[in-house]
Amino acid sequence: MNYIASDLKVVGTRPIRPDGVDKVTGRALFAADTRAAGMLWGKIKRSPHAHARILSIDTSKAMALPGVKAVVTAEDFPDIASEEAFVGEGPMNFRDLALNVMARGKALYEGHAVAAVAATTQAIADQALDLIDVKYEVLPFVIDVEAAMAPDAPILHDDLFTAGVTPVPTKPSNIAKVVTFKKGDAEAGFKDADVIIEGRYTTQPVHQAYIEPHACLATYSPDGQINIHASSQGHFMIRAYTAKLLGLELSDIRVNPAEIGGGFGGKTLIYLEPVAVALSKKAGRSVKMQMTREEVFRGSGPTSGATIEVKLGAKKDGTIVAAKQVLKYQAGAFPGSPIGPGCMCGFAMYDLPNVDVVGYDVVSNRPKVAAYRAPGAPITSFAVESAMDELALKLGIDALTLREKNAAKNGTKTHYGPTHQNIGFTAVLDAVKSHAHWKTPVKEGQGRGLAVGFWFNIGGESTATVHVNEDGSVTAATGSPDIGGSRASIGMMVAEVLGVPAERVRTVVADTASIGFTHLTGGSRVTFATGMAATQAAEKVVDDLKRRAAATWEIPVDAVEWKDGKAYPAGSNAGAFEPLDLAALALKAARTGGPIAAEVAVNAQGAGAGFGAHIADVSVDKETGHVTIERYTAIQDVGKAIHPSYVEGQIQGGAAQGIGWALNEEYIYNAKGQMENAGFLDYRVPVASDVPMIEAVLVEVPNPRHPFGARGVGEVPIVPPMAAIANAIRSATGLRMVDLPMSPPKVRAAIDAAG
Amino acid sequence: MAKSYVSATINGEQTEFLCETQQTLLDVLRDVIGLTGSKEGCASGDCGACSVIVDGRLVCSCLVLGVEAEGKTITTIEGIAQGDHLHPIQQKFLEHAALQCGFCTPGLIVATKALLDENPNPTETEARYWLAGNLCRCTGYDKVIRAVMDVAAEMRGETVG
């Protein structure tokens, strides 16, 4: 069924989330909060070198330390073959992941795991790490993306040959892949242009910086059954990766989803679980592991840093006739940067006749990148939206007008293939035009920037069950970890279908043995796809309840109507019966067919793409180079806000992360290829006093493929901020900042250089 | 290594524990006493997820040694609600949807309690600077600050529109 035009009673309201009280009282159990009897503490020894051959690992002294119960190295894991994996978010190879979890032969970055111990206390485990003697042959290393592409660069993998080029290369390279997208004839288009803009932009790796470090608790039983408590964006993902890396059957592993303390894409792959299981097997006891913050920075994946060249050609009236981009994305130590989305998202907002995009996926001696909120899109959009601002300035056209003139609409064919359908970009731009922020003149001494952004959003596989309990209350279970309020949105959709208040439905996240397969929480898919499964399960329950009422009244089922949580006879011809509510029907359940429950599994298609536009007002301190965000408005097409507060929260949080990416955050390396700022003091994410209120404006252009019209909302908001702020700095100072982050030293240097 | 005997008042209860000298108060709360509401996000005093109130003063429990708790009065997130009655700060965090993943939330609530104990009428800027030691990566702080300002007004007895 479709409820888009219905009069809704629950969806669109703001009830308190089902898991809220646990989270404000400290009761909610995150992975590091779980314990087991006789539990050991597991710790990882990491390479101090950016690139080194591992000559030998002597664990004897560590094993001899009282309290140490197990030590593992790569020798304790199967040496698995190369195989493409489709269980996380973005490209992955099982062998690469295995080598990332535990180095074999070579350490490829500072922080790469080389061994692990399990001991009775954390202090003993730390001592044991120091007693593991690893002999290295230090190798030349490369950190920068363009240096890694140079012909004489140190090579990370002897078996890596550039894919996507002809003829097939015979020499290994750090360029894992070249991707190209072409539409029309860009060179001919540039010849037609009255105005051409060219620019080169760079971004630095930034970490998702979830406040909860990775953690897990694993127990290997002598019968080969494994239990894992872990914080992640997908417990089925943990099961799949752990099984493959250890050569086990999926049914041997049960993963319990602990609460997750933020992920943003960074918990869509694994680091600890196979190690904890291997240690547990060897020690015969449960093993708990949790990363330190330093390990999170050095050993888990940030997103790519990149170099991006952009060229735009336009007619005098602002019509863009040609667009070109060359993108070079750091993948870290193994292939798999978000270069694909990077190539697609930069120009996805526009209707362009001639496009030429080339992207390079490049390995270097850095931690393997992980997904980060709209992976690849913020990087490419920083470049394109900065260039759009330059084009508007050169043409003397207002920044919004230039975007309106070239905006993608329904029916626009993208340069990467698909044709946009059911998109709300025009409505977003209309909302910018009519918003008080846009209409208010810029304050004296400040500058204003506008930028837009796009993200595909995805659907995919989800399972949900809805149970009417014996007393008529309702439990909904799904396989989607709740990363920021999805229990609330899913429960609300179920409540709407059943016609009961939101509080009547308790939503839980079920473990891998208790619910059908569900793809991970990522790609902004949960409210769309898992919400669809839960809605359909609730509809099946309603059908069943109507059947039971019909049987009770001995009338045909089509003579029963379901309304406001009760079965009614449909009209006077059906007979005169007192309505039956959930409690009444639940009471009779044994006599009308047994327990009332339904499970629905879907592979949801038609996730509506999302578009956003951000307006930033900034002031720039010319003495220090410090940029202050004075006012910030984020406008986005969300399809339908199921729980508007949590939709606003996604937008505000995404914008704040973008502000950090724009102004502060970066990985800083020393001359030895070691990260110098692996802590929250030196890797500074925005704090409360760094940001203003962030106004989130919800534009609702319903997605017809979702029962309530919802689109994914979590990723779009991190796409526009970097360019919106760069454009605001340009407006305030006349300076075009092309290197992220636009930190005080860089802004001050730009001011000085301009004289 | 010999353990030290420590006696402290934690959430109104006289509590005794044994701890190793290098264990932090956060380690003690989480691993010895089992109060896991205080979280470890950095163990270096930068994120505030382990915030507790010691003798009226807001501190990161990861920067205090367990043995330093001797004789102190300590309030953790588990001591903020009165029985099954949520503290108004907790209630306002829920009403304003001032949490997403919930990991930083205990620290933010404890820090807000300390703020309002000291300054019942903070400006937005004062609230933002007070809470600048509590990192939240999910919310962008907007709804957190709105919840703090709202609960401050409510606790002052002002009607909020």
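A short reminder: the numbers here are calculations on the coordinates, not readings from a lab. A quick note: this is a predicted structure, and the numbers were derived from the prediction, not measured. Here the Cβ is made from the backbone with ideal geometry for all residues, glycine too, and neighbour counts use every protein chain on show.
Observations on the structure shown:
- For the protein assembly as shown, adding -39500 (n - 2.57) for each run of n ≥ 4 DSSP H residues and dividing by the number of residues yields -8000 deg cm²/dmol at 222 nm.
- Zone residues, segment B:117-161, relative to A:H626, backbone N less than 14 Å from point 7 Å out along Cα-to-Cβ: B:129
- Peptides ranked, highest mean first, by Cβ atoms within 10 Å: ranges A:635-648, A:10-23: A:635-648, A:10-23
- Computed from the alpha carbon atoms alone, the convex hull of segment B:4-78 holds 71 Å³ per residue.
- In this structure, the amide hydrogen of A:R631, modeled 1.01 Å from its nitrogen in the peptide plane, lies closer than 5 angstrom to those of A:D617, counting only residues at least 5 positions away or on a different chain.
- Across peptide B:29-37, the mean count of Cβ atoms from other chains lying within 10 Å of each residue's own Cβ comes to 3.
- Placing a label point 7 Å from the Cα of A:N422 along the Cα-to-Cβ direction, the residues of segment A:684-717 with a backbone N closer than 16 Å are A:700-713.
- Average beta carbon contacts from partner chains per residue of B:106-115, 10 Å cutoff: 2
- In whole percents, the pair-distance distribution calculated for segment A:596-716 from its alpha-carbon pairs, binned every 10 Å from zero, is 12, 31, 26, 19, 10, 2, 0.
- Translational diffusion coefficient (Stokes-Einstein; Kirkwood radius from C-alpha pairs) of segment A:239-284 at 37 °C, 0.692 mPa s, in µm²/s: 278 µm²/s
- Applying a DSSP loop filter and a limit of 13 other Cβ atoms within 10 Å to the trypsin sites (Lys or Arg not before Pro) in segment B:37-110 leaves nothing.
- Added length on full extension, which subtracts the Cα-Cα distance from 0.36 nm per residue, A:A150 to A:A5: 46.5 nm
- Dipole magnitude for the protein assembly as shown: about 1060 debye, using +1 per Lys or Arg Cβ and -1 per Asp or Glu Cβ, origin at the Cα centre.
- Selection from A:G88, A:T412, A:T527, by position along the positive dipole direction of the protein assembly as shown (Cβ): A:T412
- Solution diffusion estimate, µm²/s, Stokes-Einstein, segment B:88-155, Kirkwood Rh from C-alpha pairs, 4 °C, viscosity 1.567 mPa s: 113 µm²/s
- Derived scalar couplings ³J(HN,Hα) [segment A:248-253; Karplus, 6.51 cos²θ - 1.76 cosθ + 1.60; whole Hz; x for Gly, Pro]: 10, 7, 4, 6, 7, 10
- By the Kirkwood approach, averaging reciprocal distances over each pair of separate Cα atoms, the protein assembly as shown gets a hydrodynamic radius of 28.7 Å.
- In order along segment B:34-41, the Karplus-derived 3J(HN,Hα) couplings, from 6.51 cos²θ - 1.76 cosθ + 1.60 at θ = phi - 60°, round to x, 8, 8, x, 6, 10, 9, x Hz, and Gly and Pro are given as x.
- Segment A:246-333 - convex hull of alpha carbons, volume per residue in Å³: 215 Å³
- Per-residue 3J(HN,Hα) values for segment A:201-206, derived from phi via the Karplus relation 6.51 cos²θ - 1.76 cosθ + 1.60 with θ = phi - 60°, read 10, 10, 10, 9, x, 10 Hz in sequence order (x marks Gly and Pro).
- Database remark: amide H of B:R137 closer than 5 angstrom to the amide H of A:I211 (H placed geometrically; neighbours at sequence offset of 5 or more, or on other chains; Pro and chain starts carry no H).
- For segment A:466-512, applying the loop criterion from DSSP together with a ceiling of 13 other beta carbons within 10 Å to the GluC sites (Glu not before Pro) yields A:E470.
- Coil-residue GluC sites (Glu not before Pro) of segment A:56-85, DSSP, other Cβ within 10 Å capped at 14: A:E83
- Helices meeting the span-like rule in chain A (full DSSP H runs, Cα extent of at least 20 Å along the helix axis, mean Kyte-Doolittle score of -0.5 or higher): A:377-395, A:531-553, A:644-663.
- Less than 5 angstrom separates the built amide H of A:V699 from those of A:Q636, A:D637, A:V638, all sequence-distant by 5 or more or on a different chain.
- Segment A:137-254, dipole about Cα centre (Lys/Arg Cβ +1, Asp/Glu Cβ -1), debye to the nearest 20: 340 debye
- Cα centroid of segment B:1-29 to Cα centroid of segment A:575-598, whole Å: 55 Å
- Ranking A:S473, A:G346, B:P88 by how far each Cα lies toward the positive end of the dipole of the protein assembly as shown (charges on Cβ) leaves A:G346 at the top.
- Farthest towards the positive end of the charge dipole of the protein assembly as shown, among the residues A:A374, B:V110, A:A176, is the Cα of A:A176, using unit charges on the Cβ of Lys, Arg, Asp and Glu.
- Using bins of 5 Å that start at zero, the share of Cα-Cα pairs per bin across segment A:279-430 amounts to 2, 9, 15, 16, 16, 12, 8, 7, 5, 3, 3, 2, 1, 1, 0, in whole %.
- A Cα-only calculation for segment A:1-55 places Rg and Dmax at 23.9, 69 Å.
- If only the Cβ of Lys and Arg carry +1 and only the Cβ of Asp and Glu carry -1, the dipole of segment B:88-155 around its Cα centre is close to 260 debye.
- Largest first, the three principal axis extents of the alpha carbons in chain B are 57, 29, 25 Å in whole numbers.
- Normalised by the number of residues in chain A, the average gap of Cα pairs under 8 Å and 6 or more apart makes the relative contact order 16 percent.
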